[in-house]
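Every number in this text was worked out from the coordinates using simple rules, so none of it is lab data. Everything numeric here is computed off the predicted structure, so don't read it as measured data. Cβ atoms come from the backbone with ideal geometry, glycine included; neighbour counts cover every protein chain shown.
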Amino acid sequence: MNSGKYVFAQLLQVINRYEFEKCVARYIRPLYANSPIPNVQIDDDVFALDSTTISLSIKLFTWARGKYSRGAIKVHTLLDLRDSIPAFILITDGKYHDSNILDEIVPMPGAIYLMDKAYIDLVPLYRMHKADSFFITRAKVTLDYVVVEQNYNLDKNTGLRSDKTVRLAGPKSKRLYPESLRLVEYYDDEKDIELVFLTNNFEASALEIARLYRNRWQIEVFFKWIKQNLTIKKLWGHSENAVNLHVWVAICAYLIVAYVKHQLQSSLSIYEIIQILGISAFDKTQLTELLTETQFNQNVKEQYELFDL
């Protein structure tokens, strides 16, 4: 972050060029060779899978159907709960069904995937099971099944109500998922609601299944962060590629600012830093000087009132 350079150039210096080139080689170049989504091998991981909608006030091209619709884009995310960072993100039009995302993800052996009932699609769930990975989801009320075995050794004081081994009963369901599943019923006294979890994990205890699903809330916190910080009011383009580029550039820009704030130990908020950088990108002030609270307050005081001019 040397003085004499434009603020924009100083910001780019925080990016490790070597690591950047490694990321390009690993993730970007394979996209141009029609390679599948890279499978990041991380042992003993728990992932939360969900999507959020970013509403826009313009018309977006719905890529799948070839029609125009007013609405939004969806950000589908697989969040690594160990580090609370995305392991996979896919940006689609607002009408893309959540369960289709399971076809885009390469399941990792031993990993646990947490998802809500919108993702119940027996074909990809069974494929996930055959890949030796686990899923925990909410069971639909219309689920048709027969009980094979039941565990009565439960402590009801923990909130557990039942722990059953089941087989799907519907003709199509039996064909699509021919093996046993596990149903865990849990009463959440905080929200006064009974939750029924469907999983292929028979190794964890029933209480661990319920607690694992509760950790899924971290992905909701991540989506709240997206909506608060990536205020995309207008897109530069309406194609799939343009929307992807715009959202990813916004995420990268935010992360660079967050890293600079951390490195400089600035007491300014990220919002305040973004405002300063927005009007100072082509100044040659040193970042350490520009992003101190004293300098920020001085800049604010130097602004004239309307009627002082």
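Checking every one of the GluC sites (Glu not before Pro) in the range 85-182 against DSSP loop status and a limit of 11 other Cβ atoms within 10 Å picks out GLU179. Ranking of SER269, SER99 by neighbouring Cβ atoms within 10 Å, starting from the fewest: SER269, SER99. Please sort by residue number the trypsin sites (Lys or Arg not before Pro) in the range 155-219 whose DSSP state is loop and whose Cβ has at most 10 other Cβ atoms within 10 Å. The qualifying sites are LYS191. In the range 76-162, which chymotrypsin sites (Phe, Trp or Tyr not before Pro) are in a loop and have at most 14 other Cβ atoms within 10 Å, using DSSP for the loop call? Counting only loop positions with at most 14 other Cβ atoms within 10 Å, the chymotrypsin sites (Phe, Trp or Tyr not before Pro) in the range 76-162 are TYR152.
Does the range 40-229 come out rounded, prolate or oblate, given a ≥ b ≥ c as the square roots of the eigenvalues of its C-alpha gyration tensor, rounded meaning a/c under 1.5 and, failing that, prolate meaning a/b above b/c? Prolate, because a/c is 1.5 or more and a/b exceeds b/c. Measuring between alpha carbons in the structure, the pairs from LYS140/LYS164; LYS74/LYS191; LYS95/LYS172; LYS227/LYS261; LYS95/LYS174 lying more than 22 angstrom apart are LYS74/LYS191; LYS95/LYS172; LYS95/LYS174.
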